[in-house]
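The values are calculated or read from the model by the stated rules, or taken from the named source; none is laboratory data. Keep in mind that what you see is a predicted model, and the values were worked out from it rather than measured. All Cβ positions, glycine included, derive from the backbone under ideal geometry; neighbour counts span all protein chains shown. Accessible surface areas use protein heavy atoms only, side chains included; no ligands, DNA or RNA. Shrake-Rupley method; radii C 1.70, N 1.55, O 1.52, S 1.80 Å.
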Amino acid sequence: MLPLRHARFWRIADFALLVLVFLSALMPAVWFWDDKVKILSWFDNSDKFLHAVTFFLLAVWFAGQYRRPSYWRIAAGLMLFGCIIELCQLMVSYRMADWADIAANTAGIIIGLTVAIAGVGGWSLRIEDWYSARQTGTGID
């Protein structure tokens, strides 16, 4: 982990974010009114895009708190998390597990870590520095 002043805050936020994603993945799909009427039928084929975006954001989130040599751990952990979600979706009757979801998750992770390597990684340390400078009045607003 990066030398963060508020590491406990970041750990709690990490846990809350993962719980939110997990619960969102297991709740009933909101775009179905019932079995015959689809409220958001245009969204049916966008599921893979949503998986990719979610795991892109998770990868960027965690890359903001860890050094580059740990990015492979982020990738492995998020891949495992995505597989656990798919296994849990097998256990509920109102969701479907799909190998294409795992592929979309993987694509999101790869793109997210690529963006992190390109310069976004470590963003949480920059936020802490900005916040600290703002609190002491030494930074530029």
Being closer than 18 Å to ASP14 by Cα and of a type outside the set (Asp, Glu) narrows ILE117, ILE84, ILE110, ILE102 down to just ILE84
### Task
Return yes when ARG68 is open to solvent by 90 Å² or more (accessible area, probe 1.4 Å), among the charged types (D, E, K, R), closer than 24 Å to ALA25 by Cα and out of contact with any strand residue (DSSP E or B) (no Cβ under 8 Å at 6 or more places or on another chain) and no when it is not.
no
Here the residues within region 53-93 that are more than 18 Å from LEU17 (Cα to Cα) and outside any helix (DSSP H, G or I) are ARG67, MET91, VAL92, SER93
